[in-house]
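Have a look at the structure below before the remarks.
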């Protein structure tokens, strides 16, 4: 079966670094390993939907991966597919299909892949190749007689080393490099045991609560293969909490890198502030770590507790002090506009940033993801608070929610004050876009 996979990031603004779509590349690799012929139409660098036409003419089935922010574009892609190939089956996977299955099926997709996609996609497309009904496949949702029918939950992939490396040959890395690809992206682990209300429990459905990791040897083999294809570049481990893997894992990573001739290769990652110790940073730096991005969010303990972060402000101070001591670069993700946030909370956040002195910063306004506890609490089963799918992109929107304690002007001023404290702002283009959008009417 010839499968066309589509990543619908058409003419979508990239703030900061452009990153490759690792999820759909991993699914593509798994489909190839199962014997399918796979073509990828990555619309990231395309000029129009016409880029779909030629590969669509060769396809026997289509799969898309979409976040909620990209779902409007996914619908544009679906409309063109229905015009050019009205009978071809079209499958949707990714975060939006997982968080909003009823809406996704109602919009016209034939089937959904819920959660991790590599194994589900193989079974789903095999069933479609046989002209069979995908209803009942674990991890698959379909619409039958107006009702959503979900197969049993798909067990999470226990051995991540069993997955083939992402099919990086399917995207135009030269084009990505011309458009500000700085790092080679990689995923090392999946799953998160924490309960932050702005992403859980939807993330549990995607990847589970238990952390599953690849072996350092597998990671290093992929690093070597990726550099051979793309050229020398630092790596970005895009896991939410890489540091949960612990000291022995990073010791093994450093040893494996040395054996593979990658001892001088550098990488950056993300971490919770409460996982950082001097012992951990010692082995991470020896293994090539040059930067860590932290979800600081706020300098107000009250706001952190509201988000169920389960960290203390003192944890943030200690983590940044240790990174500065070790010469490891720091990035702070800051979030303004919690529903309970007051002027005093904003002042606490400004004071914290002055103290921790991050090397770079990115700021956003509280944007609950569909399926998260914060989203469920705010909507209480009612309509979405967002005026468009793009408003779910916290780097693109500007004060997307009505706020009981702070005006829009105050929140925008607070954002600018944070930026003024840290000259190396992660996404100045986003700030300019937000300034242009912040006066648009709110949906309440």
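Mind checking which residues of segment 245-288 are out of contact with any strand residue (DSSP E or B) (no Cβ under 6 Å at 6 or more places or on another chain), surrounded by 16 or more Cβ atoms within 10 Å (Cβ to Cβ) and not in a helix (DSSP H, G or I)? Correct list: 262, 265, 272, 276, 287. Restricting attention to segment 99-131, the residues that are farther than 20 Å from residue 5 by Cα and assigned to a loop (DSSP other than H, G, I, E, B) total 1. Restricting attention to segment 348-372, the residues being on the phi < 0 side of the Ramachandran plot and in contact with a strand residue (DSSP E or B) (Cβ under 8 Å, 6 or more places away or on another chain) number 14. Scanning segment 214-242 for residues that are in a helix (DSSP H, G or I) and over 11 Å from residue 188 (Cβ atoms) yields 217, 221, 224, 225, 226, 227, 228, 229, 230. Selection of segment 341-394 for residues being surrounded by fewer than 21 Cβ atoms within 10 Å (Cβ to Cβ), in a loop (DSSP other than H, G, I, E, B) and at pLDDT 95 or above yields 342, 357. One residue is enough: does segment 397-407 have a residue meeting the conditions touching a residue at least 12 places away in the same chain (Cβ under 8 Å), under 27 Å from residue 70 (Cα atoms) and surrounded by fewer than 16 Cβ atoms within 10 Å (Cβ to Cβ)? Yes, some residue in segment 397-407 is touching a residue at least 12 places away in the same chain (Cβ under 8 Å), under 27 Å from residue 70 (Cα atoms) and surrounded by fewer than 16 Cβ atoms within 10 Å (Cβ to Cβ).
In summary, residue 158 fulfils each of the numbered conditions (1) surrounded by fewer than 19 Cβ atoms within 10 Å (Cβ to Cβ); (2) outside the structural domain of residue 55 (by TED's automatic domain parsing); (3) within 30 Å of residue 307 (Cβ to Cβ) with the single exception of condition (3).
Scanning segment 34-51 for residues that are closer than 14 Å to residue 1 by Cβ and in contact (Cβ under 8 Å) with a residue 60 or more places away in the chain gives 34, 36, 38, 39. Using the structure shown, decide if residue 294 is crowded, with 23+ Cβ neighbours inside 10 Å, in contact with a strand residue (DSSP E or B) (Cβ under 8 Å, 6 or more places away or on another chain) and farther than 16 Å from residue 194 by Cβ. No; evaluated as a whole, the condition is false for this residue. Among the residues of segment 34-41, none qualifies, meaning not one is modelled with pLDDT of 95 or more, under 17 Å from the mean Cα position of the chain (by Cα) and either over 21 Å from residue 146 (Cα atoms) or buried (at least 20 other Cβ atoms within 10 Å of the Cβ) (or both). All of 132, 136 fail the test of being free of Cβ contacts under 8 Å to residues at least 24 places away in the same chain, touching a strand residue (DSSP E or B) at 6+ places or on another chain (Cβ under 8 Å) and farther than 16 Å from residue 207 by Cα, apart from 136.
Within segment 52-67, the set of residues being farther than 26 Å from residue 148 by Cβ, in contact (Cβ under 8 Å) with a residue 40 or more places away in the chain and surrounded by fewer than 23 Cβ atoms within 10 Å (Cβ to Cβ) comprises 55, 56, 58.
Regarding segment 191-210, can at least one residue be identified that is assigned to a helix (DSSP H, G or I), touching a residue at least 12 places away in the same chain (Cβ under 8 Å), more than 21 Å from residue 295 (Cα to Cα) and assigned by TED's automatic domain parsing to the domain that holds residue 372? Yes. Applying the set (1) touching a helix residue (DSSP H, G or I) at 6+ places or on another chain (Cβ under 6 Å); (2) on the phi < 0 side of the Ramachandran plot to residue 191 leaves exactly one unmet item: (2). Can you tell me which residue is farthest from residue 130 (Cα to Cα) among those in segment 68-95 that are out of contact with any strand residue (DSSP E or B) (no Cβ under 9 Å at 6 or more places or on another chain), outside any helix (DSSP H, G or I) and without any contact (Cβ under 8 Å) to a residue 60 or more places away in the chain? The extreme case among them is 86. When segment 197-244 is filtered for residues that are surrounded by fewer than 16 Cβ atoms within 10 Å (Cβ to Cβ) and under 30 Å from residue 340 (Cα atoms), the ones remaining, listed by number, are 201, 209.
The values are calculated or read from the model by the stated rules, or taken from the named source; none is laboratory data. Being a predicted model, the structure only gives us computed values, none of them experimental. Glycine also receives a Cβ, built like all others from the backbone with ideal geometry; neighbour counts cover every protein chain displayed.
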